[in-house]
Structure formats: structure tokens, C-alpha cells
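Student: Below are the C-alpha cells for one structure; questions will follow.
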Amino acid sequence: MATIMPFRAVRPKPEHAAQVAAPPYDVVSLDTARGVADGNPYCFLRVGRAELELADGVDPYSTAVYKRGAANLQKFLDDNILAREPHPMFGVYRQRWGTHEQTGLVALASIDEYDQGLIKKHELTRPVKEQDRVQVIETHNSQSGPVLLFFRRSSQFGSWLTDATATEPDCRFTADDGVEHTVWSLRDDAAIETMIEKFKNVDALYIADGHHRSAAASRVQAARAGNSGQPSQEKGFLSVIFPHDELQILPYNRVVRDLNGHTPQQFFDALTANYDVKPTTQPGQALKAGFDVYLEGRWHRAIPKLTPEQRAWMEKNPVKALAVSVLTDRVLTPLLGITDQRSDPRIDFVGGIHPPKTLAAKVDAGEWAVAFWLYPTTVDELMAVADAKDIMPPKSTWFEPKLRDGLFVHMLGDE
């Protein structure tokens with residue numbers, strides 16, 4: 001059973017939605033954030049990445065930054081750029097990027113169910129990033145970065161949100177990155193209750209993106225309950241919930257700084273022990289469990305050599321079946337000497353939103369020796385890992401398009 005809750009959303013007025021909506025603050029650099037917010041006093045990065053308004057060198061985790069963000073959020077309310085819904089509601093949020101379209105329900109997911117493991121995770125969190133999210137929620141008294149959740153679609157969700165999306169939207173705009181964002185409101189009490197009842201038949205919700213946000217919401221709820229000695233009013237965390245077959249996962253690719261003492265020929269010779277390796281003129285189409293590799297000005301496609309016994313073992317071990325795990329176990333660790341991808345400075349990660357030529361350019365510039373374009377993790381693979389209560393390797397998924405911050409804000413206690 002999955003519990004979802006309507007809430008009194010704080011939202012930009014329709015005419016200001018495009019002005020307010022911003023990329024998640026933790027996926028853009030400070031310089032990029034300043035560029036995006038330049039000339040726009042109501043860009044939501046001024047709430048989540050408030051150091052862009054402060055002097056160079058300020059500690060991004062300082063109290064001054066969090067307080068500036070809270071003050072900006074209040075200013076957006078005072079200036080009537082944002083307004084609070086008078087009654088609890090659900091939102092409907094559609095994104096269209098090229099030929100891809102995904103439509104999600106904006107709702108609060110249950111913190112208690114997250115704590116009980118009924119909302120399934122697939123990755124670890126970093127303490128610094130989690131604490132940052134805690135400070136943002138505490139200081140702003142709100143959640144403004146939605147968690148991207150999904151569920152396995154069943155027949156009862158065959159006509160997912162079609163009634164809502166058949167009406168005139170509250171707002172529609174296309175961002176600078178070409179993603180079209182459309183938002184509707186679901187305010188009818190009967191429709192809200194129907195949706196709540198439908199989700200009671202959902203076996204589980206899965207976190208796609210937002211492990212730090214959900215973990216931080218849980219910590220804030222626990223801390224407030226502990227301080228008051230009473231049950232916390234913060235029962236839910238802000239989320240956008242999609243059917244599993246509407247999500248798009250791109251590969252999270254790798255570049256490595258050197259060949260760990262190997263010559264290029266030695267590296268290729270070692271690679272062919274575990275892979276069929278052939279030149280390719282169409283990089284970016286790696287096959288299952290494999291990768292495309294760029295070295296010395298040329299792309300090659302590597303397909304793993306697997307015995308029937310190895311394939312059977314991988315089917316029983318969902319983490320080991322991931323392309324990123326196969327690359328790690330067969331190449332990164334034994335050949336290139338990378339044992340901890342979280343901390344080794346010899347490796348870096350490039351999201352699949354960037355084309356193969358971006359990886360090639362990094363190698364051609366001389367700073368990196370080799371690049372790997374991976375077969376992307378699938379949604380089914382992610383669910384298999386989460387169902388097994390296992391953890392994916394670092395940087396295994398890149399979800400695109402990203403949810404925008406600022407279109408919905410949950411003020412704590414407004415369930």
C-alpha cells in the first residue's frame with residue numbers, strides 16, 4: 001500500500017511560472033546559477049542557491065546562505081509572485097523533451113513509509129549533501145525540491161491522469177534547455193479521494209531521483225518530533241510520482257585520466273580477454289551490459305563475453321548485472337586500478353545528456369586518457385535492485401528531464 005496526501009501547495013502565479021521555475025540547485029555550479037538568475041529577481045535558484053547573491057568565497061553551507069534563501073522565499077510570497085493554495089490539492093506535472101513525455105502526480109509521500117522501507121531506495125547518500133538538505137528544509141520551513149518517485153504501472157492506471165490533462169493547464173512554458181513544462185491542478189475532492197484510494201493498491205513506491213531530499217525530510221520529521229515530545233505534523237515529503245514506463249534513464253558515462261601504466265595497445269589486448277571489441281562509427285549505442293570506448297581518436301564497441309553460468313549468476317544478482325558493475329568488475333578495478341569511484345580523482349562522470357562527442361573532446365584535449373559510454377540502467381533493473389534491498393554503484397543512473405524547483409513548494413505542517 002502507498003499513502004499519498006494532498007497539500008496546500010505554494011505555487012507561482014501562472015504568469016510567473018516560467019520566471020520562477022529553475023533547475024535543481026544541486027546540479028548546477030555557482031557560476032551557472034548566477035548566469036541563470038542574472039536579470040531575474042524571482043528565479044528560484046535565489047532560494048535554493050542563495051550564495052549566488054553573496055560575495056565570492058562564502059561557505060555555501062553557512063547560516064547566512066540558508067537565511068538568505070529563506071528571506072528570498074518570503075519575498076516571493078510578499079511580492080505575490082508565489083501564492084498558497086487555500087485548500088489541500090494535488091498537482092499534475094508534465095514534461096516533454098523531444099519525443100519523450102512523462103506525466104506525474106504532485107503529492108506528499110509518507111515519511112513513515114519511507115522510514116519503514118516501503119518506499120524503496122537504491123543508492124546511499126553523502127552526509128554533506130544530506131545535511132545541506134536538512135538545513136534548507138529547517139531554515140526555510142519548507143520542501144521545495146521534489147523527490148522523483150515511480151510505481152509499477154498496473155491496469156488500474158491505464159488512463160493515467162487523462163481527465164486532468166484534458167483540461168486547460170494552469171501554465172505551460174518551454175525552458176532554455178528545450179524541455180516543455182505543463183502544470184494542472186487537481187482540486188476536486190472526489191477526484192482527490194479516488195486517487196488516494198487507487199494508490200492504496202500500489203505495492204510500493206520507488207525513489208528514482210532524490211535520495212538526499214527524502215532522507216533529509218525524514219531527519220527533520222524525527223528531530224521536530226523529538227524536540228516537542230509530540231507526534232510530528234510533518235507527515236509527508238514533496239514528490240512527483242510517475243508510472244515506471246514513462247521514465248527515461250540515460251547512461252552515466254565515465255572518463256579516466258590515465259591507463260594505469262598500460263600502453264593503449266596493452267589496454268586493448270587486456271580488454272579483449274573479456275570483451276568482443278570492434279571499431280564503431282556510431283558511438284552512443286552500447287549494447288546490454290557493454291560499453292563504447294574512446295581511445296586514441298577512435299571509438300570501439302565492447303560486448304562482454306559471458307558464459308551461460310555467468311549469465312545465470314548475473315540474473316540472480318541484479319547489481320552485478322548492471323552495465324556499470326560489469327565495467328567496474330572487468331575494467332575499472334582490475335585494469336585501471338580504480339577501487340573507489342566515489343573518491344578517486346582519476347575518474348569523472350558525464351551524464352548521458354551530453355553526446356559522445358563531448359566525451360571524445362575531453363580525451364582529445366589530453367586531460368583524460370579514455371572515455372566509456374555505457375549501456376543505460378533500465379527502470380526494470382533499478383526496481384530489481386531496490387526490491388532486493390541492494391545498493392547500486394555510484395553514478396549508475398541519469399534521469400532526464402529533471403524536475404524543476406519552484407513550481408510546487410510544501411510549507412511544513414500544511415498537510
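Student: Under 5 Å between amide hydrogens, which residues at least 5 positions from Glu85 or on another chain qualify, with H placed 1.01 Å from N in the peptide plane?
Tutor: Ala9, Val10, Arg11
Student: Which listed residue (Asn72, Leu382, Thr165) has the Cα farthest towards the positive end of the charge dipole for the chain, taking +1 on Lys and Arg C-beta and -1 on Asp and Glu C-beta about the Cα centre?
Tutor: Value computed over the given set: Leu382.
Student: What does the charge dipole of region 250-399 about its Cα centre add up to, to the nearest 20 debye, if the Cβ of each Lys and Arg holds +1 and the Cβ of each Asp and Glu holds -1?
Tutor: Taking the Cα centre of region 250-399 as origin, the dipole is about 140 debye.
Student: With +1 on each Lys and Arg Cβ and -1 on each Asp and Glu Cβ, how big is the dipole of the chain about its Cα centre, in debye rounded to the nearest 20?
Tutor: Using only the charged Cβ atoms, the result is roughly 540 debye.
Student: Per 5 Å bin, what is the whole-percent P(r) computed from every C-alpha pair distance within region 87-246?
Tutor: 2, 8, 16, 20, 19, 17, 12, 5, 2, 0, 0
Student: At q = 0.07, 0.13 Å⁻¹, what is the log10 ratio I(q)/I(0) for the chain, with the Debye formula run over Cα points and no solvent?
Tutor: Treating every Cα as an identical point scatterer, log10 I(q)/I(0) equals -0.36, -1.17.
Student: Run the dipole for region 47-108 about the Cα centre, Lys and Arg Cβ at +1, Asp and Glu Cβ at -1, nothing else charged, and hand back the magnitude in debye, nearest 20.
Tutor: In debye, rounded to 20, region 47-108 gives about 200.
Student: Let me ask something else. Report, in degrees rounded to the nearest 10, the 0 to 90 angle that the Cα long axis of helix 127-140 makes with the longest principal axis of the chain.
Tutor: That helix lies at roughly 20 degrees to the long axis.
Student: Enter the angle in degrees (range 0 to 90, nearest 10) between the Cα long axis of helix 63-78 and the first principal axis of the Cα atoms of the chain, meaning the one along which they spread out most.
Tutor: For 63-78 against the chain, the angle is about 50 degrees.
Student: Right, something else. What value, in deg cm²/dmol to 500, does the helix sum -39500 (n - 2.57) over DSSP H runs of n ≥ 4 give at 222 nm once divided by the residues of the chain?
Tutor: My calculation for the chain gives -8500 deg cm²/dmol from helical runs alone.
Student: When a/c is below 1.5 the answer is rounded, else prolate if a/b is larger than b/c, else oblate, so apply that to region 252-356 with a ≥ b ≥ c taken from the square roots of the Cα gyration tensor eigenvalues.
Tutor: Rounded shape, in that the Cα axes give a/c under 1.5.
Student: Which lysines, on any chain, are close to Lys75 with Cα under 20 Å apart, when same-chain ones fewer than 8 places away are left out?
Tutor: Within the straight-line limit of under 20 Å, Lys75 reaches these lysines: Lys13, Lys67.
Student: What FRET efficiency comes out for Ala312 versus Phe157 if R0 is 22 angstrom and r is the Cβ-Cβ distance? Round to the nearest 0.05.
Tutor: Calculated value: 0.10.
Here, each number is a calculation from the coordinates, and none is a lab measurement. This one's a predicted model, so the numbers in the text were calculated from it and none came from an experiment. Note that each Cβ is placed from the backbone with ideal geometry, even for glycine, and that neighbours are counted across all protein chains shown.
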